[in-house]
Amino acid sequence: MSLKEAIDLKRLPVHIAVIMDGNGRWAQENGMERFMGHKEGVISVRKIVEAGGQLGIKYLTVYTFSTENWNRPKEEVDALMALMVTAVRKETKDLMANNVRLRTIGDVDRLPPLTRRELDACIDETKNNTGLNLVLALSYSSKWELTEAVRKIVREVKDGTLPVEQISEQTITDHLTTKDIPDPDLLIRTGGEFRISNYLLWQAAYAELYFTDTYWPDFREENLYAAIVDYQKRERRFGKTGEQIQLKNRRTH
């Protein structure tokens, strides 16, 4: 029996964030060039997008390329950018067929012109889709994002449009690249590492963390279902006691 049958569709995470780790190691352990791991990883993205959309997940954010990744060897960066162009061109038709809307967060101005054009074209073509929102974190890091948010807030204070006394947690949230995206409920990291690598640090403050040894190219539908089943076994308290949460649940049912 598929783990899909064990999922409570009434308690799905609204937003799942993923750190897609292990592409290079998967390729090396299979006697391939690192690039082949990234290529196989695109298939995993497609499978997870389709599975998530069928379940009713509304947002899936995948850590596609970090600001730190610009420091990788030029040959690998160039290959990743070329793969992104090819993947976006190839996957646009499937995104439309599955009612998926493509979005991006990050310093996308740093992307090569061709990569940016292909992304913009796909974003425009899928903008009216109403199913799963696939968010690519591209040239993204939380420290970059928070630094940019501080700069914007400081400018508004200097311009006199934002009184210092009115700065709140919501102010910071409203100046992030994810301002119109709900915070992730579940953050998955593949590849056997136990860190979140400068990813959605503000937004993931109360996310449930799920780590797996499975490399991203091997992470498919059943792995996603396992993560969701694990998530649904947890009690999300947000700083409250278990008794308070149980009382609230009784009142809403």
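Derivation of every value follows stated rules applied to the coordinates shown; laboratory data play no part. All of these numbers come straight from a predicted model, not from anything done at the bench. Using ideal geometry, Cβ is built from the backbone for each residue, glycine included, and neighbour counts are taken over all protein chains shown.
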Between VAL150, VAL88, VAL18, where does the largest GNM mean-square fluctuation fall for the chain, given springs only between Cα atoms within less than 10 Å?
VAL150
With 27 Å as the cut-off, how large is the P(r) tail for the range 4-137, expressed as percent of Cα-Cα pairs?
21
Listed candidates (1) 18; (2) 28; (3) 21 - label of the one calculated as percent of Cα pairs over 31 Å apart
(2)
Excluding exposed DSSP-loop GluC sites (Glu not before Pro) (at most 15 other C-beta within 10 Å), longest clean stretch of the chain:
34-192
